[in-house]
Amino acid sequence: MPSSDHLPVFLNACTLNKLLSDTQLIIVDLGRIDRYRKYHLPNALWLDYACLISGEKPATGLLPTNSALAKLIHSIGLKPDSIVVAYDDLGGGASARLIWLLNVLGFYRASSLDGGIQSWVEEGFKTTADACDRNPSEEYQLPTIYTDSLATKEDILDHLFDRNVQLVDCRSVDEFTGIKKLANRGGHIPGAINLDWNSTKISDTNQRLKNQDTLISMISDRNLKPDLETIVYCQTHHRSSYSYLLFKHLGFNRVRGYAGSWSEWGNDDILPITT
């Protein structure tokens, strides 16, 4: 059995299959509820993505309230010695958001299933339609927010054009340039480098990560440095949660996610933009 203390941030289906008997394991399905009711991983509990975000416009991706976060921890039965593996059927952004959020709360024994449930099914591993009994934590307290994984607009303003901080925009090229506008203003944060989250996956039908050499080449082509602080963002910190894990996977040790992302920045006329 693989060591649960050294699991990668992206876990392949074969490794997860070997962990299924571990009593510390919590598997969370963040995919579509209609598919979950038909099939899901053994003992996987379903979690509504709405639990992971504030949902308040315009910046819907900001953190939920502390009380909502405490209820989330309680509902999945999280304990200090738990191992969390999350997956979805929507490209990996939802499961990555949970892993990032757990990191923000100081919990790091968490991984995302590379390729989502599709990869599990393709490997021929067992699924079930049986409901999973939840085991809520007996006690839960208001969580502590750790800023080593979380960035705010104030953090970005303080470090615009700081050579020790690299800002990565994980949206599409059209969103980055402002051709496609999903906020009051189009464009990107000044100094940001574009790396579309979808470009780091094999294809639309195979949502696994590209191989290591290809990913490193993509990072190198954009002159992104593993030793610099890296802040990722997208529209609502859904796609960039995946990219947060990607940079962790590639050995970037100081990575933060901007939860407000473009839905906050692009709707604030005071903040600078580039098109």
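Just so it is clear, none of the values below were taken in a lab; they were calculated from the coordinates. Computed from a predicted structure; not experimentally measured. Using ideal geometry, Cβ is built from the backbone for each residue, glycine included, and neighbour counts are taken over all protein chains shown.
The mean sequence separation of alpha-carbon pairs under 8 Å and at least six residues apart, normalised by the residue count of the chain, gives a relative contact order of 22 percent.
A simple spin-label model places pseudo-atoms 7 Å from Cα toward Cβ; at D158 and E56 they are separated by 2.2 nm. For a modelled paramagnetic label at Q24, 7 Å from Cα along Cα-to-Cβ, the residues of the stretch 48-89 in reach, with backbone nitrogen under 17 Å, are 77-86. Over the chain, all Cα pairs binned in 5 Å intervals from 0 give whole-percent P(r) values of 1, 6, 13, 17, 19, 17, 13, 8, 4, 2, 0, listed from short to long. For a straight C-alpha distance cut-off of 23 angstrom, the lysines reachable from K38 (same-chain residues fewer than eight places away being disregarded) are K126.
All other residues whose Cβ lies under 12 angstrom from that of S241 are scored, Lys and Arg at +1 and Asp and Glu at -1, for a net of +3. Of L41, L157, L113, the residue with the greatest mean-square motion in the GNM of the chain, using alpha carbon springs below 10 Å, is L157. Calculated translational diffusion coefficient of the stretch 109-187 (10 °C, 1.306 mPa s; Stokes-Einstein with Kirkwood radius over alpha-carbon pairs) equals 87 µm²/s.
Charge dipole of the stretch 150-265 (Cα centre as origin; +1 on each Lys and Arg Cβ, -1 on each Asp and Glu Cβ, all else neutral): 240 debye, rounded to the nearest 20. With the cut-off at 1.5 for a/c, could you classify the stretch 150-265 from its C-alpha gyration tensor as rounded, prolate or oblate? The shape class here is oblate. Per-residue 3J(HN,Hα) values for the stretch 44-55, derived from phi via the Karplus relation 6.51 cos²θ - 1.76 cosθ + 1.60 with θ = phi - 60°, read 7, 9, 8, 10, 6, 4, 4, 5, 9, 9, 6, x Hz in sequence order (x marks Gly and Pro). When the trypsin sites (Lys or Arg not before Pro) in the stretch 109-197 are filtered for DSSP coil states and for at most 14 other beta-carbon atoms within 10 Å of their beta-carbon, the remaining sites are K126, R134, R163, K180, K181.
When only Cα pairs below 8 angstrom with a gap of at least 6 residues are kept, the stretch 82-152 shows a relative contact order of 36 percent. Applying 1/(1 + (r/R0)^6) with R0 = 35 Å to the Cβ-Cβ distance of T128 and K71 gives a FRET efficiency near 0.85.
Here the chain is treated with +1 on each Lys and Arg Cβ and -1 on each Asp and Glu Cβ, and its dipole about the Cα centre works out to around 340 debye. Ranking P58, V9, P80 by Cα position along the charge dipole of the stretch 4-122, where only Lys, Arg, Asp and Glu carry charges on their C-beta atoms, puts P58 farthest toward the positive end.
Report the number of Lys pairs in the stretch 150-265 whose alpha-carbons are under 18 Å apart, with separation of 8 or more residues or on distinct chains. Before the final figure, lay out the partial values.
Working: K201/K210; K201/K248; K210/K248; K225/K248.
Pairs that pass both the separation and distance tests number 4.
So what's the gap between the Cα centers of the stretch 115-191 and the stretch 21-74, to the nearest angstrom? Computed from Cα coordinates, the inter-centre distance equals 14 Å. Quick check for you: which residues of the stretch 67-90 have the amide N under 19 Å from the point 7 Å beyond the Cα of Q141 toward its beta carbon? Residues passing the 19 Å test: 67-82.
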